[in-house]
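Scroll down for the structure; my scribbles are underneath it.
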Amino acid sequence: MNLPLIIRPAEASDAERISQLISSVANCCTISPTGEGAELFFSSISAQAIGGYIANADFLYLLGSFGDTLAGIVAVRDARHLFHLFVGSTFQNEGIGTALALRAIELSQAASPSETFTVNSSLPAVPFYARLGFQPQGPSIEANGVAFVPMQLATADLDYALPQSWL
């Protein structure tokens, strides 16, 4: 039996599971496969840090689950910046990241319309964000043990069409 993807706001009690999911795929962001030099990044995805984001009114934090199984998470800061988007390795390439990103952007735009939306994309995720309409805003940057490409989306170009079963 296939369960539908349920996207809902994160709660404080979700912080540990969210931190574990991000940590399980975090090597996509780090320069070193061991994570060496990325201590600041790893502290920013600790359960304590995630709990702080969830409690902070400047963040929208959503999670996507199949029943009790956490598949992915998304966070938006200041209704304009895609702060976190991570999908568990067993759920990648199934449209979950797209569903989470579009829902988060849609809710952010409804709360505080903006002409642009930004993300600091991990290097492997650049093609994913490009498919959503984000454009690179410069070369890749390496800092504090992580590598990313700053990208921007003109929100007028975004189509929010999500399968009804995902809403």
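Computed values, structure above
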quantity	calculated
Inter-site label distance for GLN92 and ALA154 at 7 Å from Cα along Cβ, in nm	3.1
Relative contact order of the chain, pairs being alpha-carbon contacts under 8 Å that are 6 or more residues apart, as %	24
Alpha-carbon spread of the stretch 1-62, three principal axes, descending order, Å	37, 34, 16
Packing rank of 86-95, 44-53, where each peptide gets the mean count of other beta carbons within 10 Å, highest leading	44-53, 86-95
Shape of the stretch 50-148, Cα gyration tensor, a/c cut at 1.5	rounded
Rg/Rg_globular for the chain, with Rg_globular taken as 2.2 N^0.38 Å and Rg from C-alpha atoms	0.98
Highest-fluctuation residue, THR69, THR98, THR116 considered, GNM on the chain with Cα pairs under 10 Å	THR69
Coil-residue chymotrypsin sites (Phe, Trp or Tyr not before Pro) of the stretch 98-158, DSSP, other Cβ within 10 Å capped at 12	none
Net lengthening on full extension, ILE6/ALA47 (0.36 nm per residue, minus Cα-Cα)	12.6 nm
GluC sites (Glu not before Pro) restricted to DSSP loop in the stretch 95-143 with at most 11 other C-beta within 10 Å	GLU115
222 nm mean residue ellipticity, helices alone, for the chain (DSSP H n ≥ 4; -39,500 (n - 2.57); rounded to 500)	-8500 deg cm²/dmol
Low-density loop positions, GluC sites (Glu not before Pro), the stretch 7-83 - DSSP coil, at most 15 other Cβ in 10 Å	GLU11, GLU36
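The numbers here are math on the coordinates, done by the rules we state, and not lab data. Values in this document were obtained by computation on a predicted structure and should not be read as measured data. Note that we place each Cβ from the backbone using ideal geometry, even for glycine, and neighbour counts take in every protein chain shown.
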